[in-house]
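Engineer: This structure is in C-alpha cells; I'll ask about it shortly.
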Amino acid sequence: MTINHHRSLTNRHNALKSTGPRSVAGKRASSQNSRKHGLNSAPDFESSSEYRALVDLIVEEGFSAFACADIAAGLLNYRRVMDAYYDTYTGPEPVDEFLRDVNVKVSNPIFSELLSPSGSEPQDVREMAAFFASMQSQERRKGGPISRRSADTHKLIRYQRNGIARLSRAVRQG
Amino acid sequence: MLYNIHFSIDVDVAMPVEDKSKSLLPFLLSPKLLPKESEAEFQSGLQSLLSELDNPSPLAVALVSQLNECLWWIRRHTADKEPLLHEAMARLLSKAGSYGETYDNRKVSEALEHYLDGSADKDEAEWIEDILTESKLTLSDLRVRAFKDAARHIKMVDDLIHRQHQTIRHLQRSIDSIDYKSRLIKRMDLELAALESKQSVKGVLSLDDKPS
C-alpha cells in the first residue's frame, strides 16, 4: 500500500469532518459551488451593447420594433445556451481516479486507524467502508471522460430546445 | 452584465446594412472549435450554405451560421460513439484481474486504444491479449459486452444528435420566413412603384385634358 493511498484516504476522511466555510468570502465562494452553467439565471440582454447593435441591424430588415427586440433577445439567449453547451462539452466533471480505482476492502486497516488510533469499533469501520464503496459505485457509474461529457451535455438539451423555439417564434411572428 | 457572451459585435449604428453584415462577421464566423478541428473546414461549410441563399440579410447570415454550428455538433457527437465504446471496453478489461484486483484503467485504456488502431507495440499487444485470455473473452465478445454497458450513454449521444436535427429544422423555417418576408416587401415595393407610375401618368393625362 503506497503512502499516497494512505494520504488520500486520510484527506478524504478529514474532509468528512469539515463544517464548511466560516468567513463571509468563503461562504460567498462556496455558494457558487453547485452552479453548473448559469442558464437558470435571468439574463439582462436589454442593457448590453450587443443587444442594441442587433436590434439596430434587424430593424432595417423591415421588422417592427417589438419583433426586433424579441429576435435580438432570442438570438443572444440562443448564443448563451450554445456557449454553455460548448463549455460543458469541453470541460466535463473530472474523473476521480483515486476513488474509482481504490480497493475498499484492502483499505479497511487504514479506516480503523483513522477512526480511532486506539482501536475502533468494527461497526464504524464497516460503515466507513460502505460509505466509500457507495461513493466508488457512483463514481464508476458516471464512466470515463467521454461518458461524462455526453451525460453533462445531455442535461442542456431542454435549454437548447427552449432557446431555439423562442428565437424561431420571434423570427416567424415578426 | 449577468451573462457571459464569448463573442463581440462591433457595429456602427450609422453603417449601411451591407457593411453591418460584414462587421457582424467576427461574431458570426468565429466558431469555438476543439483543438484538432479545422477552422477552414468550418468556414467552407458556412460559405457553401450561404451560397445557396440569394443575397442573404444579416439576420439570415446569423441564422445560417447557427445552422452550420448544429451540423458541426452532429459531427462531434457522431464521432463520440466509438470512443464511448472503447471506454466501456477498457473498463471491462480493467476489471478482469484475478482475486478482485483491478488493472490501472488509464493504462488499459491507452493500450487498448493502440491495440485497436493497430499501433500497439509488442508488449502492449501481448498484455491486452493476456487480459482477454484471463477474462475468457474474444475482442468481439468484449465489444458486445461493452456496447451493453455503454448503451445508456450512446442513447444520450443519439438524443443530442436528434436535438441538433430539430434545431436545424427550426432554423430552416426561420430562414425561409425571412426570405419570404423580404420577397413580399420587394413585391409590395414594385406594386407600389407601378401604382405610383400609373397615377402619375393619369395625372399627366388629366392635366392635358383640361380645357385651356
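Engineer: What is the order of A:Leu54, B:Leu116, fewest Cβ neighbours within 10 Å to most? Write down the numbers at each step before the final one.
Structural biologist: Details: A:Leu54 28, B:Leu116 17.
The fewest-first ordering by Cβ neighbours comes to B:Leu116, A:Leu54.
Engineer: Now for a separate question. So, R0 is 22 Å and r is the distance between the beta-carbons of B:Ala151 and A:Arg158; what FRET efficiency does that work out to, to 0.05?
Structural biologist: Computed FRET efficiency for B:Ala151 and A:Arg158 comes out at 0.50.
Engineer: Next up: Based only on other Cβ atoms within 10 Å, what is the fewest-to-most ordering of B:Lys32, A:Lys27? Intermediate values should be presented prior to the final figure.
Structural biologist: On the way: B:Lys32 16, A:Lys27 11.
Fewest to most other Cβ atoms nearby, the residues stand as A:Lys27, B:Lys32.
Engineer: Hey, another quick one. What percentages make up the Cα-Cα pair-distance distribution of the stretch A:97-142 when the bins are 10 Å wide from 0?
Structural biologist: Pair shares across the bins are 29, 50, 19, 2.
Engineer: What ranking do B:Trp73, B:Trp127 get, fewest neighbouring Cβ atoms within 10 angstrom at the top?
Structural biologist: Numbers: B:Trp73 22, B:Trp127 19.
Sorted ascending by nearby Cβ count, the order is B:Trp127, B:Trp73.
Engineer: State the Kirkwood hydrodynamic radius of chain A in Å, one decimal place, computed from all pairs of distinct Cα atoms. Spell out each step's value before the answer.
Structural biologist: Working: mean 1/r = 0.0488 Å⁻¹.
Over chain A, the inverse of the mean reciprocal pair distance is 20.5 Å.
Engineer: For the stretch B:57-179, what's the relative contact order in percent, using C-alpha pairs closer than 8 Å and at least 6 residues apart? Don't skip to the answer; put the middle values down first.
Structural biologist: Numbers: 95 pairs, mean separation 50.8, N = 123.
Over the stretch B:57-179, the number comes to 41 percent.
Engineer: Below 8 Å between Cα atoms, with a sequence gap of 6+, how large is the relative contact order for chain A in percent? Mind dumping the intermediate values first?
Structural biologist: Working: 110 pairs, mean separation 52.7, N = 174.
Across chain A, relative contact order equals 30 percent.
Engineer: Hand me the trypsin sites (Lys or Arg not before Pro) from the stretch A:97-174 located in a DSSP loop with no more than 16 other Cβ atoms within 10 Å, in residue order please. Show your work: numbers first, answer last.
Structural biologist: Numbers: sites: A:Arg100, A:Lys105, A:Arg126, A:Arg140, A:Arg141, A:Lys142, A:Arg148, A:Arg149, A:Lys155, A:Arg158, A:Arg161, A:Arg166, A:Arg169, A:Arg172; in loops: A:Lys105, A:Lys155.
Passing sites in the stretch A:97-174 are A:Lys105, A:Lys155.
Engineer: Quick one: divide the alpha-carbon radius of gyration of the protein assembly as shown by 2.2 N^0.38 Å and tell me what you get.
Structural biologist: Numbers: Rg = 30.1 Å, N = 386, 2.2 N^0.38 = 21.2 Å.
Dividing the Cα radius of gyration by 2.2 N^0.38 Å gives 1.43.
Engineer: Would you tally the net charge around B:Leu33, using a Cβ to Cβ cut-off of less than 14 Å, leaving B:Leu33 out, and scoring K and R as +1, D and E as -1? The partial results should precede the final answer.
Structural biologist: Values: positive: B:Lys32, B:Lys36, B:Arg75, B:Arg76; negative: A:Asp83, A:Asp87, B:Glu37, B:Glu39, B:Glu41, B:Glu69.
Overall, the nearby charge balance is -2.
Engineer: Given a Förster distance of 56 angstrom, what is the FRET efficiency for B:Ile185 paired with B:Thr138, based on the Cβ-Cβ distance and rounded to 0.05?
Structural biologist: On the way: r = 66 Å, r/R0 = 1.18.
Given R0 = 56 Å and the Cβ-Cβ separation, E is 0.25.
Engineer: Assign unit charges at the C-beta atoms only (+1 for Lys and Arg, -1 for Asp and Glu), then state the dipole size of the stretch A:97-142 relative to its Cα centre in Debye, rounded to the nearest 20.
Structural biologist: Numbers: 6 positive and 7 negative charges, 62 e Å.
That gives a dipole near 300 debye.
Engineer: OK, next. List residues of the stretch B:156-175, by number, whose backbone nitrogen lies under 19 Å from a label position 7 Å along Cα→C-beta of B:Leu53.
Structural biologist: Of the residues in the stretch B:156-175, B:165-175 have backbone N under 19 Å from the label point off B:Leu53.
Engineer: Another one. Give the average, rounded to an integer, of partner chain Cβ atoms located within 10 angstrom of each Cβ in A:68-77. Before the final figure, lay out each step's value.
Structural biologist: On the way: counts 1, 0, 0, 5, 1, 0, 1, 5, 3, 1.
Across A:68-77, the average partner-chain Cβ count within 10 Å equals 2.
Engineer: May I ask which of A:Lys155/B:Lys36; B:Lys32/B:Lys95; A:Lys105/B:Lys95; A:Lys27/B:Lys32; A:Lys155/B:Lys95; A:Lys17/B:Lys107 have a Cα-Cα span longer than 27 Å here?
Structural biologist: Working: A:Lys155/B:Lys36 25 Å; B:Lys32/B:Lys95 37 Å; A:Lys105/B:Lys95 15 Å; A:Lys27/B:Lys32 33 Å; A:Lys155/B:Lys95 29 Å; A:Lys17/B:Lys107 34 Å.
Pairs exceeding the cut-off: B:Lys32/B:Lys95; A:Lys27/B:Lys32; A:Lys155/B:Lys95; A:Lys17/B:Lys107.
Engineer: Hand me the trypsin sites (Lys or Arg not before Pro) from the stretch B:46-136 located in a DSSP loop with no more than 16 other Cβ atoms within 10 Å, in residue order please. Mind showing how you got there, number by number?
Structural biologist: Details: sites: B:Arg75, B:Arg76, B:Lys81, B:Arg91, B:Lys95, B:Arg106, B:Lys107, B:Lys122, B:Lys136; in loops: B:Lys95, B:Lys136.
Of the trypsin sites (Lys or Arg not before Pro), the ones in loops of the stretch B:46-136 whose Cβ has at most 16 other Cβ atoms within 10 Å are B:Lys95, B:Lys136.
Read-outs throughout are calculated quantities, based only on the coordinates presented, and are distinct from any laboratory measurement. Values in this document were obtained by computation on a predicted structure and should not be read as measured data. Here the Cβ is made from the backbone with ideal geometry for all residues, glycine too, and neighbour counts use every protein chain on show.
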